[in-house]
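The values are calculated or read from the model by the stated rules, or taken from the named source; none is laboratory data. Quantities reported herein were computed from a predicted structural model and do not represent experimental measurements. Cβ placement follows ideal geometry from the backbone for every residue including glycine, while neighbour counts extend to all protein chains displayed.
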Amino acid sequence: MPVTLLPLKKSDTFYQSAESQFLDAWKHPDKPEPTVKRIFYVLHQSPDAQLHLHRHANYAYVAFVTLRRINPFDCDRISRHVGVDNVEMLFHGTKRSCQLWDSKNKIHPCDRADCHLCSVLKFSYNPHYSKPDNWFGVGIYSSATSSKADNWIQSTHPDTDYKVMLLNNVVVGRTKMKYRKAVGITGPPTGYDSISGATKDQGGFLNYPETVVFNADAICVNSVIVYEN
C-alpha cells in the first residue's frame, strides 16, 4: 500500500496545526522540547492505499453508528459528527532502520525488512506484529502524548540525527478503560472498539494515556513528523 508523501511548507496551515499538536502534547518534564524539522502529509493515492482509506472511512462510520445508537440512514446527523467525536489524532512511534526524511530528497519508503516505519507506510499497520507481552494486548498502540510515542521510537541507522513520528487518524469509537494490565488479549470486549489505558489520575497505573485498536482499518496514517531532541 505505497503512499505519496507531500512535503509541507512551514507557512502551510496543516503544518502549523500538526506542529502545534505535536509540541503541545510533549508532556514529559525530563525530556527537552523537540525541534520539528519537516512535516509530510500522507497522500493515499495508489489503488491499495485508496482501498485502505475507504475501509478506514467505513470502519469509522460503523463505529459511530454503533456508538451513538442512531439510525444508519440518518445521513444528516452522521455527517455532522462522524470523524469529529469518533476519530482522534494520535501519535505512534516505531523502529526506523533507514535514513528516510533525513533530507528533503529522501521521501520514498525503503525496502528493509527491519524498518517498521517504512513497512507501515507501504502496507499499513498490522496488529499481528505487536509484541505478545504488551500491557494491553496484541494491538496497534498510539497516544495523545507525543513524548510517550517518542519512547517507542528506535532509530537504528548509525548516520541519522533525526527521529520520525507518525500522526494518525484513529477510530477510537467506544473505548474500554483498562485500569490493570491485560497482556495477551487480541481484541476489546464485545461492544467496544478500542482499549484505553487509564492514567494514575484516572485510577490506573500509566503516567500518560495510550489507546489500542485491534483492526488495521481503525487507524490510518495522516502525516509524518521529522524532529530532533
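The table below gives the values:
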quantity: Members of the stretch 24-42 found to be touching a Phe, Trp or Tyr at 6+ places or on another chain (Cβ under 9 Å) and either outside any strand (DSSP E or B) or among the β-branched types (V, I, T) (or both), listed by number; calculated: A25, K27, H28, E33, P34, T35, V36, I39
quantity: Total residues in the stretch 72-108, condition modelled with pLDDT of 85 or more and either small (G, A, S) or in a loop (DSSP other than H, G, I, E, B) (or both); calculated: 4
quantity: Residue count for the stretch 161-177, restricted to those that are buried (at least 17 other Cβ atoms within 10 Å of the Cβ) and over 18 Å from the mean Cα position of the chain (by Cα); calculated: 1
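Let's see how each residue does on (1) more than 15 Å from the chain's Cα centre (by Cα); (2) surrounded by fewer than 23 Cβ atoms within 10 Å (Cβ to Cβ); (3) among the aromatic types (F, W, Y):
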position: C110; (1), (2), (3): yes, yes, no
position: L117; (1), (2), (3): no, no, no
position: N126; (1), (2), (3): no, yes, no
position: P132; (1), (2), (3): yes, yes, no
position: G137; (1), (2), (3): yes, yes, no
